[in-house]
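Colleague: Below: one structure in structure tokens.
The values are calculated or read from the model by the stated rules, or taken from the named source; none is laboratory data. Bear in mind the structure is a predicted one, so any value in this text is a computation, not a measurement. Virtual Cβ from ideal backbone geometry, glycine too; neighbours counted across all protein chains shown. Heads up: the accessible areas ignore ligands, DNA and RNA and are worked out on the full protein's heavy atoms, side chains in. Shrake-Rupley method; radii C 1.70, N 1.55, O 1.52, S 1.80 Å.
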Amino acid sequence: RAWGCKIISQHLRWYPERYGDDFLRGLVDDGYRLVVLRRRDWLLQALSAAHATRTRYHFTRDQAASFEAMTIDPVEVLSLLLTMEQEDQAVEAAVADLPHVEVWYEDDLLAPDRQQAALERITAALGLPPAPARSDFVRVAPPTFRGRVANADEVAALLAPTRFARFLERAEFEV
């Protein structure tokens, strides 16, 4: 048997009185095991977050779901990217010296066979027998930047001279 909880990076920053510097260390010392989910493509993560706030956060197989490319303020995208960068750096620092299983969204969760391999890594780390990976959640967003953003050229123009331009280089290809 195992149980868990989700702690998002903002909890660690927004509530330091509750989730201070030693919070995660205390969990590990008490026998908890950390599974850390990270994203490599902050641009698609930012767009996913923006789309979720405009529509809904999760879609399941039994829901009729369609996707319409959104028009988004390029400054909002830049702001979200700055937030994604800050959150990723905070997570990386928080777990740097702690034992944890790292799961990368793009590497471990996009393809069903990779989901199974990731689940097997996690269950092994928890000392649990393997189990089949399954979910009722479905992806509705296209896998590319241009498929998600109606004003992609405008957003790309703002991002091109920034350190986030690296995400545009990969943006036209499926993950």
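Colleague: Place a point 7 Å from Cα of Arg166 in the direction of its Cβ. Which residues in segment 79-101 have their backbone N less than 18 Å from it?
Modeller: 79-93
Colleague: Separate question: Each label point is 7 Å from the Cα along the Cα-to-Cβ direction; what then is the distance between the points at Val101 and Ala124, in nm?
Modeller: Calculated label separation equals 1.0 nm.
Colleague: Additional query: To the nearest 10 degrees, how steep is helix 112-126 against the longest Cα principal axis of the chain, on a 0 to 90 scale?
Modeller: Around 30 degrees separate the two axes.
Colleague: How large is the charge dipole for the chain, taken about the Cα centre, if only the Cβ atoms of Lys, Arg (+1) and Asp, Glu (-1) carry charge, to the nearest 20 debye? Can you show the working numbers first?
Modeller: Numbers: 21 positive and 27 negative charges, 90 e Å.
The dipole magnitude comes to about 440 debye.
Colleague: Moving on to the next point. Using θ = phi - 60° and the Karplus curve 6.51 cos²θ - 1.76 cosθ + 1.60, what whole-Hz ³J(HN,Hα) does each residue of segment 78-94 get, with Gly and Pro shown as x?
Modeller: 4, 4, 5, 5, 4, 5, 4, 4, 4, 5, 5, 5, 5, 5, 4, 5, 5
Colleague: How large are Rg and Dmax for the chain when calculated on the C-alpha trace, in angstrom?
Modeller: 17.8, 51
Colleague: Between Leu128, Leu12, Leu119, which gets the highest mean-square fluctuation from a Gaussian network model of the chain, Cα cutoff 10 Å?
Modeller: Among Leu128, Leu12, Leu119, the largest GNM mean-square fluctuation belongs to Leu128.
Colleague: Could I ask something else about it? Highest GNM mean-square fluctuation, the chain, Cα pairs closer than 10 Å: which of Asp88, Asp153, Asp136?
Modeller: It is Asp136.
Colleague: How much accessible area per residue does the chain have, counting only protein heavy atoms and a probe of 1.4 Å, in square angstrom?
Modeller: Numbers: 11160 Å² over 175 residues.
For the chain, the per-residue accessible area is 64 Å².
Colleague: Go ahead and collect, in residue order, the members of segment 102-120 whose backbone nitrogen is under 15 Å from a label point 7 Å along the Cα-Cβ direction of Phe67.
Modeller: Under 15 Å, as judged by backbone N against the label point of Phe67, lie 106, 110-111 of segment 102-120.
Colleague: Residue by residue, what Karplus-based ³J(HN,Hα) values in Hz, rounded to whole numbers, does segment 37-49 have, using 6.51, -1.76 and 1.60 with θ = phi - 60° and x for Gly and Pro?
Modeller: 9, 10, 10, 8, 9, 5, 5, 5, 5, 4, 5, 4, 4
Colleague: For q = 0.11, 0.18, 0.22 Å⁻¹, what log10 I(q)/I(0) does segment 1-86 give under the Debye formula with an equal point scatterer on each alpha carbon and no solvent?
Modeller: -0.48, -0.99, -1.15
Colleague: What list of ³J(HN,Hα) couplings, whole Hz, do you get for segment 68-76 from phi and the Karplus terms 6.51, -1.76, 1.60, once you set θ to phi - 60° and write x for glycine and proline?
Modeller: 10, 4, 9, 8, 9, 5, x, 5, 4
Colleague: Got a number for carbon plus sulfur as a percent of segment 1-99's accessible area, 1.4 Å probe?
Modeller: On the way: 3240 of 6620 Å².
In segment 1-99, the share of accessible area belonging to carbon and sulfur is 49 percent.
Colleague: List the residues, sorted by chain then number, that are 5 or more residues from Leu37 or on another chain and whose placed amide H is less than 5 Å from its amide H.
Modeller: Amide H neighbours of Leu37, under 5 Å, 5+ apart: Val103.
Colleague: So, one more: In the P(r) worked out for segment 99-162, what percent of Cα pairs fall beyond 17 Å?
Modeller: Values: 1181 of 2016 pairs.
So the portion of pairs separated by more than 17 Å is 59 percent.
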